[in-house]
Amino acid sequence: MVGENYREVEERVRKACERSGRSRSEVTLIAVSKTKPVGMIREAMEAGACVFGENKVQELCEKWEELPKELHWHMIGHLQRNKVKYVVGRAELIHSVDSLRLAEEISREAVKKKLQAKILIEVNVAEEESKFGVRVDGAEELIRRAAVLPNVCICGLMTIAPYVTDPEENRPIFRSLKKLAVDIKKKNIDNVHMDVLSMGMTGDYEVAIEEGATMVRVGTGIFGERNYGI
Ligand SMILES: *Cc1c(COP(=O)(O)O)cnc(C)c1O
């Protein structure tokens, strides 16, 4: 089932790229495997998945340990500063940086491990109370301050759009994130790249691609519903 789902999502990604005149290679499909067992991840791998997203540090570490090292792991969930040490060196990209203090911790850890940490700034475009992320009007300041930290590279922006039944409702959100990235890019801030736009999930990734997403994070569409119960 997972393999079939993955191929279907892949096909939809391809079509969305085609519709919007983009090359398929511009968009990375991240298979969000949180709460799902490694067996299902292996099924996705067999169907061609190689980039996986997790939102819990411990789960990311366990799966990273158990699965082949050629896989790419992204940290997409809220990150506490005391867990940064486990993520730097394992996750290739941290999507969820929304404070200077977190960026500073990532920087310290990256310096210690002598590597470059790639991060995205999470923006709460919809200004939902329940969501993490900086507000649109606070993004530039955070970016300017994080950009001077050693061993950190700001690669772009991420947003989690509201849960909606009609994906069209989120089009303005995706457009706003794209516009913010364009505006920030124009300022030519040292060490800031706006090449990555991580937006779009199971319900709305096609619209996100039409609006310029370069990474889409798809969980349910590939692995099925998550069960947090028991
Ligand atoms: C869980 C999660 C996703 C995937 O959500 P689906 O609706 O299952 O595709 C994407 N992004 C983040 C940050 C998540 O936590």
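Report the net charge of residues surrounding HIS74, where surrounding means a beta-carbon distance below 14 angstrom and charges are Lys +1, Arg +1, Asp -1, Glu -1. The answer is +2.
Dipole magnitude for the range 49-96: about 280 debye, using +1 per Lys or Arg Cβ and -1 per Asp or Glu Cβ, origin at the Cα centre. At a probe radius of 1.4 angstrom, the accessible area of the range 42-149 per residue rounds to 51 square angstrom. Stretching the chain fully between GLU141 and GLU92 yields a gain of 15.2 nm (0.36 nm per residue, less the alpha carbon separation). Can you pull a Stokes-Einstein diffusion coefficient for the range 75-198 at 4 °C (1.567 mPa s), Rh from Kirkwood over Cα pairs, as a whole number of µm²/s? The calculation lands on 89 µm²/s. Excluding ligands, DNA and RNA, the accessible surface per residue across the range 180-228 is 43 Å² with a 1.4 Å probe. Per-atom-type breakdown for the chain gives carbon and sulfur 49% of the accessible area (1.4 Å probe, protein chains only). Based on alpha-carbon atoms, the Kirkwood radius and the radius of gyration of the range 65-125 give Rg/Rh equal to 0.96. The amide H of VAL125, built 1.01 Å from its N in the peptide plane, has ILE160 as neighbours under 5 Å, considering only residues 5 or more places off or on other chains.
Candidates ASN151, LEU60, ALA103 compared by Cα position along the dipole of the chain: farthest toward the positive end lies ASN151, with charges placed on Cβ. Take the Cβ-Cβ distance between GLU11 and VAL182 as r, set R0 to 35 Å, and report the resulting FRET efficiency rounded to the nearest 0.05. Step by step, r from the Cβ atoms, then E = 0.75. Using the Cα coordinates of the range 158-203, the gyration tensor eigenvalues translate into equivalent-ellipsoid semi-axes of 25, 10, 6 Å, sorted from longest to shortest. For the range 104-230, the relative contact order works out to 22 percent when only alpha carbon pairs closer than 8 Å and six or more residues apart are counted. Counted over all Cα-Cα pairs of the chain, pairs farther apart than 25 Å make up 38 percent. All other residues whose Cβ lies under 13 angstrom from that of VAL196 are scored, Lys and Arg at +1 and Asp and Glu at -1, for a net of 0. In the structure shown, do any of LYS85/LYS113; LYS113/LYS185; LYS85/LYS118 have a Cα-Cα gap over 18 Å, and if so which? Distance filter (> 18 Å) returns LYS113/LYS185. I need the calculated FRET efficiency for the pair ARG19 and GLN116, taking r as the beta carbon distance and R₀ as 30 Å, to the nearest 0.05. According to the calculation, E is roughly 0.30. Would you mind getting me the FRET efficiency between ARG101 and ASP195? Use the beta-carbon distance for r and R0 = 25 Å, nearest 0.05. The value I calculate is 0.50.
The values are calculated or read from the model by the stated rules, or taken from the named source; none is laboratory data. Since we're looking at a predicted model, the values are computed, not measured. Glycine gets a Cβ as well: all are built from the backbone with ideal geometry, and neighbour counts include every protein chain shown. In case anyone asks, the SASA skips ligands and DNA or RNA and just uses the protein heavy atoms, side chains included. Shrake-Rupley method; radii C 1.70, N 1.55, O 1.52, S 1.80 Å.
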